[in-house]
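In what follows, a single structure is set out as C-alpha coordinates and then discussed.
The values are calculated or read from the model by the stated rules, or taken from the named source; none is laboratory data. The shown structure was predicted, so the numbers you read here are calculated from the model rather than taken from an experiment. When we count neighbours, we look across all protein chains shown, and the Cβ atoms used for this are built from the backbone with ideal geometry, even at glycine. Heads up: the accessible areas ignore ligands, DNA and RNA and are worked out on the full protein's heavy atoms, side chains in. Shrake-Rupley method; radii C 1.70, N 1.55, O 1.52, S 1.80 Å.
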Amino acid sequence: KCTTAVHQLICWDFCRAAHGRFAQKLMKDLFTNCTNALRPVEDTDYIINVTLQATLSQIIDMDERNQILTTYLWVRQVWMDAFLTWKKEDYDGLDTIRIPSSYVWRPDIVLYNSADDEFSSSMETNVVLRNDGQVMWDQPAITKSSCSVDVAFFPFDVQQCDLTFGSWTHNGNQMDLFNADLADFVPNVEWEVLGMPAKKNVILYGCCSEPYPDITFSLHLKRRASFYIFNLLIPCMMISFLAPLGFYLPADSGEKVSLGVTVLLALTVFQLLVAESMPPSESIPLIGKYYIATMTMVTASTALTIFIMNIHHCGGEARPVPEWAERFILKYLARICFVYEVGENCLGGARKEPLSQEGSDSPSANGGSTKGANWDVNGKAWGGKVEVECLCQHQELGKNVEYIANSYQDQRAAQLRIGEWRKVAKVMDRFFMWLFFIMVFFMSILILGKSV
(Lines give C-alpha, C1' and ligand atoms only; values in the text may rest on other atoms or scores of the structure.)
Protein backbone atom coordinates (compact mmCIF):
# COMPACT_ATOMS: atom_id res chain seq x y z
CA LYS A 1 0.00 0.00 0.00
CA CYS A 2 1.50 3.32 -1.16
CA THR A 3 1.27 5.73 1.76
CA THR A 4 4.31 8.01 1.59
CA ALA A 5 5.69 9.95 -1.35
CA VAL A 6 8.63 7.56 -1.71
CA HIS A 7 6.32 4.56 -1.71
CA GLN A 8 4.11 6.21 -4.32
CA LEU A 9 7.13 6.80 -6.53
CA ILE A 10 8.19 3.16 -6.21
CA CYS A 11 4.67 1.96 -6.97
CA TRP A 12 4.57 4.22 -10.01
CA ASP A 13 7.82 2.68 -11.31
CA PHE A 14 6.36 -0.79 -10.91
CA CYS A 15 3.23 0.25 -12.77
CA ARG A 16 5.29 1.70 -15.60
CA ALA A 17 7.29 -1.51 -15.85
CA ALA A 18 4.05 -3.49 -16.01
CA HIS A 19 2.68 -1.17 -18.65
CA GLY A 20 5.91 -1.50 -20.61
CA ARG A 21 5.22 -5.14 -21.46
CA PHE A 22 1.70 -4.33 -22.62
CA ALA A 23 2.96 -1.29 -24.53
CA GLN A 24 5.30 -3.53 -26.53
CA LYS A 25 2.43 -5.89 -27.30
CA LEU A 26 0.21 -2.94 -28.22
CA MET A 27 2.83 -1.59 -30.61
CA LYS A 28 2.99 -4.92 -32.42
CA ASP A 29 -0.77 -5.18 -32.63
CA LEU A 30 -1.27 -1.61 -33.88
CA PHE A 31 1.45 -1.28 -36.48
CA THR A 32 1.57 -4.80 -37.94
CA ASN A 33 -0.72 -4.01 -40.86
CA CYS A 34 -0.76 -0.20 -40.60
CA THR A 35 0.72 2.37 -42.92
CA ASN A 36 1.43 6.03 -42.34
CA ALA A 37 1.27 7.01 -45.99
CA LEU A 38 -2.54 7.37 -46.27
CA ARG A 39 -5.11 9.40 -44.42
CA PRO A 40 -6.38 7.40 -41.41
CA VAL A 41 -10.06 7.34 -42.38
CA GLU A 42 -12.32 4.35 -42.97
CA ASP A 43 -13.80 5.92 -46.10
CA THR A 44 -11.90 8.14 -48.50
CA ASP A 45 -14.91 10.47 -48.67
CA TYR A 46 -14.63 11.22 -44.99
CA ILE A 47 -12.99 14.43 -43.88
CA ILE A 48 -10.32 14.29 -41.21
CA ASN A 49 -10.50 17.17 -38.75
CA VAL A 50 -7.24 18.64 -37.48
CA THR A 51 -7.15 21.08 -34.56
CA LEU A 52 -4.21 23.46 -34.78
CA GLN A 53 -2.92 25.38 -31.76
CA ALA A 54 0.09 27.70 -31.61
CA THR A 55 1.76 29.32 -28.62
CA LEU A 56 4.27 32.13 -29.04
CA SER A 57 7.25 31.28 -26.88
CA GLN A 58 9.75 33.91 -27.99
CA ILE A 59 10.29 36.60 -30.59
CA ILE A 60 13.81 35.93 -31.72
CA ASP A 61 14.25 38.73 -34.22
CA MET A 62 12.31 41.34 -36.16
CA ASP A 63 14.28 42.34 -39.24
CA GLU A 64 12.56 45.57 -40.30
CA ARG A 65 14.87 46.12 -43.25
CA ASN A 66 14.23 42.68 -44.82
CA GLN A 67 10.73 42.43 -43.27
CA ILE A 68 11.25 39.00 -41.76
CA LEU A 69 9.91 37.90 -38.35
CA THR A 70 11.71 35.08 -36.58
CA THR A 71 9.68 33.41 -33.81
CA TYR A 72 9.91 30.37 -31.58
CA LEU A 73 6.52 28.61 -31.50
CA TRP A 74 5.00 25.64 -29.75
CA VAL A 75 2.68 24.04 -32.29
CA ARG A 76 0.09 21.43 -31.27
CA GLN A 77 -1.84 19.36 -33.78
CA VAL A 78 -4.65 17.02 -32.73
CA TRP A 79 -6.55 14.61 -35.00
CA MET A 80 -8.32 11.26 -34.89
CA ASP A 81 -6.75 8.10 -36.37
CA ALA A 82 -9.45 5.52 -37.09
CA PHE A 83 -6.96 2.63 -37.25
CA LEU A 84 -5.03 3.27 -34.02
CA THR A 85 -7.66 2.36 -31.43
CA TRP A 86 -7.72 -0.31 -28.73
CA LYS A 87 -9.54 -1.41 -25.64
CA LYS A 88 -7.53 -0.46 -22.61
CA GLU A 89 -8.93 -3.43 -20.65
CA ASP A 90 -7.02 -5.74 -22.98
CA TYR A 91 -3.74 -4.03 -22.15
CA ASP A 92 -3.89 -3.72 -18.37
CA GLY A 93 -5.70 -0.34 -18.48
CA LEU A 94 -3.10 1.25 -20.77
CA ASP A 95 -4.86 4.25 -22.32
CA THR A 96 -1.99 6.31 -23.78
CA ILE A 97 1.37 5.63 -25.37
CA ARG A 98 4.10 7.92 -26.68
CA ILE A 99 5.70 6.89 -29.92
CA PRO A 100 7.85 8.57 -32.58
CA SER A 101 5.85 10.75 -34.90
CA SER A 102 7.26 8.96 -37.94
CA TYR A 103 5.16 5.88 -37.05
CA VAL A 104 1.84 7.58 -37.66
CA TRP A 105 0.25 9.63 -40.41
CA ARG A 106 0.92 13.36 -39.97
CA PRO A 107 -0.89 16.24 -41.62
CA ASP A 108 1.25 18.13 -44.10
CA ILE A 109 0.60 21.51 -42.49
CA VAL A 110 3.18 24.14 -43.45
CA LEU A 111 3.64 27.87 -42.95
CA TYR A 112 2.40 29.49 -46.13
CA ASN A 113 4.25 32.81 -45.71
CA SER A 114 7.52 31.19 -44.70
CA ALA A 115 10.73 33.08 -45.48
CA ASP A 116 13.09 30.28 -44.47
CA ASP A 117 15.49 28.96 -47.09
CA GLU A 118 15.87 25.47 -45.63
CA PHE A 119 12.31 24.66 -44.42
CA SER A 120 13.80 22.48 -41.70
CA SER A 121 13.34 24.52 -38.57
CA SER A 122 10.93 22.08 -36.86
CA MET A 123 11.93 19.31 -34.48
CA GLU A 124 10.91 15.65 -34.77
CA THR A 125 9.14 14.85 -31.51
CA ASN A 126 6.95 12.04 -30.21
CA VAL A 127 3.19 11.92 -30.49
CA VAL A 128 0.75 11.02 -27.72
CA LEU A 129 -1.65 8.28 -28.85
CA ARG A 130 -4.84 7.59 -26.90
CA ASN A 131 -6.94 4.44 -26.95
CA ASP A 132 -9.83 6.18 -28.73
CA GLY A 133 -7.58 7.03 -31.68
CA GLN A 134 -6.77 10.63 -30.77
CA VAL A 135 -3.27 11.67 -31.82
CA MET A 136 -1.69 14.76 -30.23
CA TRP A 137 1.54 16.07 -31.68
CA ASP A 138 3.39 18.84 -29.78
CA GLN A 139 6.19 20.26 -31.84
CA PRO A 140 8.52 23.23 -31.17
CA ALA A 141 9.46 25.20 -34.26
CA ILE A 142 11.56 28.20 -35.18
CA THR A 143 9.75 29.98 -37.99
CA LYS A 144 10.81 32.77 -40.31
CA SER A 145 7.79 34.46 -41.79
CA SER A 146 7.41 37.46 -44.06
CA CYS A 147 5.85 40.44 -42.30
CA SER A 148 4.85 43.73 -43.87
CA VAL A 149 6.42 46.23 -41.47
CA ASP A 150 4.95 49.73 -41.34
CA VAL A 151 7.55 52.08 -39.84
CA ALA A 152 5.53 55.28 -40.21
CA PHE A 153 5.39 55.74 -36.43
CA PHE A 154 8.78 54.25 -35.55
CA PRO A 155 9.79 53.92 -32.68
CA PHE A 156 6.21 54.14 -31.36
CA ASP A 157 4.78 51.73 -33.93
CA VAL A 158 2.39 48.79 -33.62
CA GLN A 159 2.92 45.92 -36.04
CA GLN A 160 0.67 43.08 -37.17
CA CYS A 161 2.38 39.97 -38.50
CA ASP A 162 0.33 37.06 -39.84
CA LEU A 163 1.33 33.42 -39.53
CA THR A 164 -0.76 31.38 -41.99
CA PHE A 165 -0.78 27.60 -41.57
CA GLY A 166 -2.50 25.19 -43.94
CA SER A 167 -2.23 21.85 -45.69
CA TRP A 168 -0.07 21.84 -48.77
CA THR A 169 -1.82 18.99 -50.65
CA HIS A 170 -5.09 18.20 -48.87
CA ASN A 171 -8.06 20.35 -49.78
CA GLY A 172 -11.05 21.15 -47.64
CA ASN A 173 -12.89 18.01 -48.80
CA GLN A 174 -10.15 15.82 -47.38
CA MET A 175 -8.91 17.68 -44.31
CA ASP A 176 -10.49 20.48 -42.31
CA LEU A 177 -8.72 22.77 -39.85
CA PHE A 178 -9.91 24.16 -36.54
CA ASN A 179 -8.09 26.63 -34.34
CA ALA A 180 -7.70 26.96 -30.61
CA ASP A 181 -6.21 30.07 -29.03
CA LEU A 182 -3.44 29.75 -26.47
CA ALA A 183 -2.57 32.83 -24.41
CA ASP A 184 0.81 31.76 -23.01
CA PHE A 185 3.10 34.58 -24.07
CA VAL A 186 6.68 34.92 -22.95
CA PRO A 187 7.69 38.60 -22.45
CA ASN A 188 10.07 40.06 -24.99
CA VAL A 189 12.66 42.78 -24.43
CA GLU A 190 11.94 44.83 -27.54
CA TRP A 191 8.33 43.93 -28.33
CA GLU A 192 5.19 43.83 -26.24
CA VAL A 193 2.77 41.13 -27.38
CA LEU A 194 -0.76 42.55 -27.44
CA GLY A 195 -2.44 39.37 -28.63
CA MET A 196 -2.37 36.49 -31.08
CA PRO A 197 -5.92 35.78 -32.26
CA ALA A 198 -6.54 32.99 -34.76
CA LYS A 199 -8.95 33.03 -37.67
CA LYS A 200 -9.99 30.31 -40.08
CA ASN A 201 -10.08 31.12 -43.79
CA VAL A 202 -11.35 29.10 -46.73
CA ILE A 203 -9.75 30.19 -49.99
CA LEU A 204 -10.36 29.16 -53.57
CA TYR A 205 -7.11 29.37 -55.53
CA GLY A 206 -6.96 29.88 -59.27
CA CYS A 207 -5.15 26.59 -59.84
CA CYS A 208 -7.72 24.36 -58.15
CA SER A 209 -11.49 24.16 -57.86
CA GLU A 210 -11.50 22.71 -54.35
CA PRO A 211 -11.44 24.99 -51.29
CA TYR A 212 -8.33 25.08 -49.14
CA PRO A 213 -8.77 25.98 -45.48
CA ASP A 214 -6.03 27.67 -43.48
CA ILE A 215 -5.53 29.10 -39.99
CA THR A 216 -4.10 32.62 -39.73
CA PHE A 217 -2.59 33.71 -36.43
CA SER A 218 -2.40 37.51 -36.29
CA LEU A 219 0.44 38.54 -34.02
CA HIS A 220 -0.06 42.09 -32.70
CA LEU A 221 3.18 43.65 -31.50
CA LYS A 222 3.94 46.98 -29.90
CA ARG A 223 7.50 48.19 -29.83
CA ARG A 224 9.05 49.08 -26.49
CA ALA A 225 10.37 52.56 -27.24
CA SER A 226 12.52 53.12 -24.13
CA PHE A 227 15.70 51.98 -25.88
CA TYR A 228 15.17 54.32 -28.81
CA ILE A 229 14.12 57.23 -26.60
CA PHE A 230 17.32 57.11 -24.53
CA ASN A 231 19.68 56.30 -27.40
CA LEU A 232 18.27 58.22 -30.36
CA LEU A 233 15.68 60.79 -29.31
CA ILE A 234 17.18 62.33 -26.16
CA PRO A 235 20.68 62.82 -27.67
CA CYS A 236 19.05 64.41 -30.72
CA MET A 237 17.02 66.74 -28.50
CA MET A 238 20.10 67.75 -26.54
CA ILE A 239 21.98 68.48 -29.75
CA SER A 240 18.99 70.39 -31.10
CA PHE A 241 18.99 72.70 -28.08
CA LEU A 242 22.58 73.65 -28.94
CA ALA A 243 21.52 75.10 -32.29
CA PRO A 244 19.69 78.19 -30.87
CA LEU A 245 22.66 78.89 -28.60
CA GLY A 246 24.63 79.77 -31.72
CA PHE A 247 22.69 83.04 -31.78
CA TYR A 248 23.88 83.78 -28.23
CA LEU A 249 27.57 83.52 -29.09
CA PRO A 250 29.32 86.87 -29.59
CA ALA A 251 29.75 87.73 -33.25
CA ASP A 252 33.47 88.42 -32.75
CA SER A 253 34.12 84.93 -31.37
CA GLY A 254 34.24 83.37 -34.85
CA GLU A 255 32.50 80.17 -33.73
CA LYS A 256 28.88 80.92 -34.56
CA VAL A 257 28.86 79.21 -37.97
CA SER A 258 31.13 76.39 -36.75
CA LEU A 259 28.67 75.47 -34.02
CA GLY A 260 25.79 75.23 -36.50
CA VAL A 261 27.80 73.07 -38.91
CA THR A 262 28.91 70.76 -36.06
CA VAL A 263 25.33 70.29 -34.88
CA LEU A 264 24.22 69.57 -38.44
CA LEU A 265 26.90 66.89 -38.87
CA ALA A 266 25.94 65.24 -35.57
CA LEU A 267 22.28 65.06 -36.61
CA THR A 268 23.32 63.58 -39.95
CA VAL A 269 25.09 60.72 -38.13
CA PHE A 270 21.93 59.91 -36.15
CA GLN A 271 19.87 60.09 -39.34
CA LEU A 272 22.16 57.53 -41.00
CA LEU A 273 21.82 55.18 -38.01
CA VAL A 274 18.04 55.23 -38.34
CA ALA A 275 18.13 54.85 -42.13
CA GLU A 276 20.30 51.72 -41.92
CA SER A 277 17.72 49.84 -39.84
CA MET A 278 14.62 50.91 -41.75
CA PRO A 279 13.30 49.24 -44.92
CA PRO A 280 13.63 51.26 -48.13
CA SER A 281 10.02 52.35 -48.56
CA GLU A 282 8.01 55.49 -49.18
CA SER A 283 6.87 55.55 -45.57
CA ILE A 284 9.17 57.86 -43.61
CA PRO A 285 9.56 56.96 -39.91
CA LEU A 286 8.37 59.43 -37.31
CA ILE A 287 11.85 59.75 -35.87
CA GLY A 288 13.17 60.35 -39.38
CA LYS A 289 10.70 63.21 -39.82
CA TYR A 290 11.88 64.63 -36.51
CA TYR A 291 15.52 64.45 -37.63
CA ILE A 292 14.72 66.07 -40.98
CA ALA A 293 12.76 68.87 -39.29
CA THR A 294 15.59 69.43 -36.81
CA MET A 295 18.23 69.44 -39.55
CA THR A 296 16.14 71.93 -41.53
CA MET A 297 15.89 74.13 -38.47
CA VAL A 298 19.65 73.95 -37.87
CA THR A 299 20.33 74.75 -41.53
CA ALA A 300 18.01 77.77 -41.32
CA SER A 301 19.68 78.94 -38.09
CA THR A 302 23.13 78.68 -39.70
CA ALA A 303 21.97 80.67 -42.74
CA LEU A 304 20.42 83.32 -40.48
CA THR A 305 23.63 83.46 -38.45
CA ILE A 306 25.61 84.25 -41.60
CA PHE A 307 23.11 86.97 -42.52
CA ILE A 308 23.19 88.50 -39.03
CA MET A 309 27.01 88.42 -38.93
CA ASN A 310 27.02 90.38 -42.17
CA ILE A 311 24.83 93.00 -40.48
CA HIS A 312 27.05 93.03 -37.40
CA HIS A 313 30.19 93.74 -39.38
CA CYS A 314 28.75 96.69 -41.30
CA GLY A 315 31.50 99.33 -41.48
CA GLY A 316 31.39 103.07 -41.16
CA GLU A 317 30.65 103.44 -44.86
CA ALA A 318 27.31 101.65 -44.45
CA ARG A 319 24.06 103.51 -44.78
CA PRO A 320 22.22 104.56 -41.63
CA VAL A 321 19.65 102.21 -40.14
CA PRO A 322 16.30 102.68 -41.94
CA GLU A 323 13.60 104.44 -40.03
CA TRP A 324 11.27 101.40 -40.02
CA ALA A 325 14.07 99.19 -38.67
CA GLU A 326 14.87 101.76 -36.02
CA ARG A 327 11.27 101.89 -34.87
CA PHE A 328 10.46 98.17 -35.11
CA ILE A 329 13.78 96.54 -34.19
CA LEU A 330 15.61 99.02 -32.00
CA LYS A 331 12.60 100.16 -30.03
CA TYR A 332 9.80 97.58 -30.10
CA LEU A 333 11.63 94.28 -30.69
CA ALA A 334 14.57 95.20 -28.45
CA ARG A 335 12.24 95.60 -25.48
CA ILE A 336 10.61 92.23 -26.16
CA CYS A 337 14.00 90.50 -26.40
CA PHE A 338 15.40 92.42 -23.38
CA VAL A 339 18.25 94.09 -25.26
CA TYR A 340 19.10 97.44 -23.65
CA GLU A 341 22.79 97.54 -22.88
CA VAL A 342 24.32 97.96 -26.33
CA GLY A 343 24.02 101.10 -28.43
CA GLU A 344 21.66 103.15 -26.27
CA ASN A 345 24.16 105.95 -25.56
CA CYS A 346 25.36 105.90 -29.15
CA LEU A 347 21.84 106.33 -30.44
CA GLY A 348 21.28 109.26 -28.10
CA GLY A 349 24.56 110.86 -29.09
CA ALA A 350 23.74 110.60 -32.76
CA ARG A 351 20.85 113.00 -32.36
CA LYS A 352 22.65 115.55 -30.14
CA GLU A 353 25.61 116.16 -32.51
CA PRO A 354 27.81 117.80 -29.88
CA LEU A 355 30.52 118.67 -32.38
CA SER A 356 28.41 120.98 -34.53
CA GLN A 357 29.02 123.91 -32.21
CA GLU A 358 32.74 123.32 -32.24
CA GLY A 359 32.81 123.41 -35.98
CA SER A 360 30.72 126.59 -36.08
CA ASP A 361 32.89 128.29 -33.49
CA SER A 362 36.09 127.87 -35.44
CA PRO A 363 35.18 130.26 -38.23
CA SER A 364 34.07 132.84 -35.68
CA ALA A 365 37.37 132.46 -33.91
CA ASN A 366 39.09 132.93 -37.20
CA GLY A 367 36.90 135.91 -37.95
CA GLY A 368 37.59 137.34 -34.49
CA SER A 369 41.30 137.13 -35.09
CA THR A 370 40.87 138.87 -38.40
CA LYS A 371 38.85 141.58 -36.83
CA GLY A 372 41.45 141.86 -34.07
CA ALA A 373 44.12 142.18 -36.72
CA ASN A 374 42.15 144.89 -38.52
CA TRP A 375 41.68 146.70 -35.24
CA ASP A 376 45.35 146.40 -34.65
CA VAL A 377 46.02 147.86 -38.10
CA ASN A 378 43.73 150.78 -37.45
CA GLY A 379 45.39 151.22 -34.09
CA LYS A 380 48.75 151.04 -35.75
CA ALA A 381 50.00 148.35 -33.41
CA TRP A 382 51.78 146.25 -36.09
CA GLY A 383 53.68 146.81 -39.23
CA GLY A 384 52.14 146.20 -42.67
CA LYS A 385 54.16 143.13 -43.76
CA VAL A 386 53.96 141.44 -40.40
CA GLU A 387 50.21 142.04 -40.35
CA VAL A 388 49.71 140.22 -43.66
CA GLU A 389 51.81 137.20 -42.61
CA CYS A 390 50.01 136.91 -39.26
CA LEU A 391 46.64 137.13 -40.98
CA CYS A 392 47.57 134.31 -43.39
CA GLN A 393 48.74 132.08 -40.55
CA HIS A 394 45.50 132.63 -38.64
CA GLN A 395 43.43 131.72 -41.71
CA GLU A 396 45.41 128.52 -42.36
CA LEU A 397 45.15 127.56 -38.69
CA GLY A 398 41.37 128.08 -38.79
CA LYS A 399 41.04 125.80 -41.82
CA ASN A 400 43.04 123.05 -40.08
CA VAL A 401 40.93 123.27 -36.96
CA GLU A 402 37.75 123.14 -39.05
CA TYR A 403 39.06 120.05 -40.94
CA ILE A 404 39.93 118.28 -37.71
CA ALA A 405 36.52 119.08 -36.26
CA ASN A 406 34.73 117.81 -39.36
CA SER A 407 36.82 114.62 -39.42
CA TYR A 408 36.07 113.96 -35.78
CA GLN A 409 32.39 114.56 -36.38
CA ASP A 410 32.38 112.16 -39.36
CA GLN A 411 34.20 109.53 -37.32
CA ARG A 412 31.74 110.00 -34.52
CA ALA A 413 28.79 109.58 -36.90
CA ALA A 414 30.41 106.43 -38.39
CA GLN A 415 30.78 104.94 -34.91
CA LEU A 416 27.14 105.71 -34.22
CA ARG A 417 26.10 103.91 -37.40
CA ILE A 418 28.30 100.91 -36.51
CA GLY A 419 26.79 100.80 -33.03
CA GLU A 420 23.27 100.97 -34.43
CA TRP A 421 23.87 98.12 -36.89
CA ARG A 422 25.50 96.03 -34.16
CA LYS A 423 22.50 96.55 -31.95
CA VAL A 424 20.21 95.54 -34.83
CA ALA A 425 22.27 92.36 -35.22
CA LYS A 426 22.13 91.62 -31.51
CA VAL A 427 18.37 92.15 -31.34
CA MET A 428 17.91 89.80 -34.30
CA ASP A 429 20.20 87.25 -32.61
CA ARG A 430 18.13 87.29 -29.43
CA PHE A 431 14.84 87.17 -31.33
CA PHE A 432 15.82 84.14 -33.41
CA MET A 433 17.36 82.45 -30.36
CA TRP A 434 14.05 82.53 -28.48
CA LEU A 435 12.13 81.62 -31.63
CA PHE A 436 14.24 78.53 -32.29
CA PHE A 437 14.17 77.53 -28.62
CA ILE A 438 10.37 77.54 -28.76
CA MET A 439 10.41 75.52 -32.00
CA VAL A 440 12.75 72.88 -30.55
CA PHE A 441 10.69 72.67 -27.37
CA PHE A 442 7.40 72.10 -29.19
CA MET A 443 8.99 69.59 -31.59
CA SER A 444 10.33 67.63 -28.63
CA ILE A 445 6.95 67.69 -26.89
CA LEU A 446 5.21 66.44 -30.03
CA ILE A 447 7.63 63.55 -30.59
CA LEU A 448 7.54 62.50 -26.93
CA GLY A 449 3.75 62.80 -26.87
CA LYS A 450 3.55 59.86 -29.29
CA SER A 451 5.04 57.58 -26.65
CA VAL A 452 2.26 58.23 -24.12
**Request:** Could you run through segment 116-138 and say how many residues are surrounded by 14 or more Cβ atoms within 10 Å (Cβ to Cβ) and modelled with pLDDT of 90 or more?
**Result:** 12
**Message:** Looking at Trp324 and the list (1) at pLDDT 75 or above; (2) under 43 Å from the mean Cα position of the chain (by Cα), which single condition is not satisfied?
**Reply:** (2)
**Asked** Within segment 301-325, can you find the residues that are in contact (Cβ under 8 Å) with a residue 24 or more places away in the chain and in a helix (DSSP H, G or I)?
**Response** Ser301, Thr302, Leu304, Thr305, Ile306, Ile308, Met309, Ile311, His312, Ala325
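Could you tell me whether any residue of segment 93-110 is outside any strand (DSSP E or B), surrounded by 15 or more Cβ atoms within 10 Å (Cβ to Cβ), without any contact (Cβ under 8 Å) to a residue 40 or more places away in the chain and over 43 Å from the mean Cα position of the chain (by Cα)?
Yes, the conditions are met somewhere in segment 93-110.
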**Message:** Here's a check for you: in segment 60-86, which residue that is open to solvent by 80 Å² or more (accessible area, probe 1.4 Å) and of a type in the set (Phe, Trp, Tyr) is farthest from the chain's Cα centre (by Cα)?
**Reply:** Phe83
**Request:** Collect the residues in segment 393-415 that are touching a residue at least 60 places away in the same chain (Cβ under 8 Å) and open to solvent by 80 Å² or more (accessible area, probe 1.4 Å), keeping them in residue-number order.
**Result:** Gln411, Arg412, Gln415
**Prompt:** Checking Ser281 against (1) open to solvent by 50 Å² or more (accessible area, probe 1.4 Å); (2) under 30 Å from Pro322 (Cα atoms), which single condition isn't satisfied?
**Reply:** (2)
**Request:** Would you please name the residue that is nearest to Asn36 (Cα to Cα), looking only at residues in segment 139-149 that are surrounded by fewer than 17 Cβ atoms within 10 Å (Cβ to Cβ) and not small (Gly, Ala, Ser)?
**Result:** Pro140
**Request:** Mind listing just one residue for me: the one in segment 1-43 that is modelled with pLDDT of 80 or more and small (Gly, Ala, Ser) and, of those, farthest from the chain's Cα centre (by Cα)?
**Result:** Ala23
**Complete:** Of those in segment 198-221 that are hydrophobic (A, V, I, L, M, F, W, C) and open to solvent by less than 40 Å² (accessible area, probe 1.4 Å), the residue farthest from the chain's Cα centre (by Cα) is Ile215
**Item:** segment 186-202 residues that are farther than 13 Å from Val158 by Cβ, paired with ones that are of a type in the set (A, V, I, L, M, F, W, C) and modelled with pLDDT of 85 or more (beta carbon under 7 Å, 6 or more apart)
**Value:** Asn188/Ile59; Met196/Leu56; Met196/Phe217; Met196/Leu219; Ala198/Ile215; Ala198/Phe217; Lys200/Leu177; Lys200/Ile215
**Asked** So Thr370 clears everything in (1) among the β-branched types (Val, Ile, Thr); (2) closer than 30 Å to Met238 by Cβ; (3) modelled with pLDDT under 75 except one condition, right? Which one?
**Response** (2)
**Request:** Kindly indicate whether any position in segment 59-69 is under 30 Å from Asp117 (Cα atoms), modelled with pLDDT of 90 or more and assigned to a strand (DSSP E or B).
**Result:** yes
